[in-house]
Amino acid sequence: MVNCPNCGKNLIDDAVFCTRCGWSLKTDVAPFPKHRFDQAGKSLENWYDRTFGILGPLLASLLFLIIVRLVIEIVRSSGTDVLEMDEITSVLLLYLLPLFCITLLSNYTSYFARKSKNFRIFSPLLHAIAFVLVLWVVAQILSALHDRLEVENLATAATSMENALPGIFVFILLLGYVFLALNMSKEQKKKS
């Protein structure tokens with residue numbers, strides 16, 4: 001039996017890689033990078049932040065706006081056979097600007113959380129607000145569709161969603177702060 005030098009798992013004598021962490025047990029082979037995927041994501045974020053700077057979140061939100069608008073127009077033009085499709089797409093277009101503002105809030109929250117360690121404390125709160133605002137917009141869309149299409153189930157769904165928003169906000173807020181605490185403790189362990 002041989003032990004993995006990285007994680008300490010007991011392995012068979014002729015093992016080439018650790019079955020738990022993937023570490024190479026051969027001495028003539030370079031070890032498997034430990035945080036390869038994390039580093040790739042970080043380098044992409046760093047490139048994005050270096051290239052666009054403070055305008056990056058605005059450009060991402062504008063890209064979201066353009067893509068959603070194109071999808072709505074494609075659905076509108078391809079759904080000429082369905083009578084309700086024009087009503088549905090017109091309601092979606094009414095709520096496109098609030099969705100753009102919510103994505104702007106979310107993107108800038110993520111940007112400032114990456115840039116400032118002090119801002120990370122507010123990040124879960126702002127993300128929870130953005131998530132609840134998205135659900136509120138969805139409830140408003142369902143309510144507007146109920147008014148235009150006269151489907152009773154849509155009003156019930158909209159009312160249920162609006163009634164659940166405070167509980168969802170608290171749950172998302174707690175979840176965000178738990179993840180923030182876990183990430184901060186992981187960063188503390190890396191520093192020491």
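Here are some notes:
- Condition met for SER77 (part of a helix (DSSP H, G or I), of a type in the set (S, T, N, Q), on the phi < 0 side of the Ramachandran plot and under 14 Å from the mean Cα position of the chain (by Cα)): no
- In the range 101-159, the residue that is farthest from PHE179 (Cα to Cα) out of those that are under 23 Å from the mean Cα position of the chain (by Cα) and not in a helix (DSSP H, G or I) is SER116.
- Out of GLY53, GLY22, sole residue that is surrounded by fewer than 14 Cβ atoms within 10 Å (Cβ to Cβ) and either among the hydroxyl-bearing types (Ser, Thr, Tyr) or modelled with pLDDT of 70 or more (or both): GLY53
- Scan of the range 139-184 for residues that are among the hydroxyl-bearing types (Ser, Thr, Tyr) and either at pLDDT below 90 or touching a helix residue (DSSP H, G or I) at 6+ places or on another chain (Cβ under 6 Å) (or both), ordered by number: SER143, TYR177
The values are calculated or read from the model by the stated rules, or taken from the named source; none is laboratory data. This one's a predicted model, so the numbers in the text were calculated from it and none came from an experiment. Using ideal geometry, Cβ is built from the backbone for each residue, glycine included, and neighbour counts are taken over all protein chains shown.
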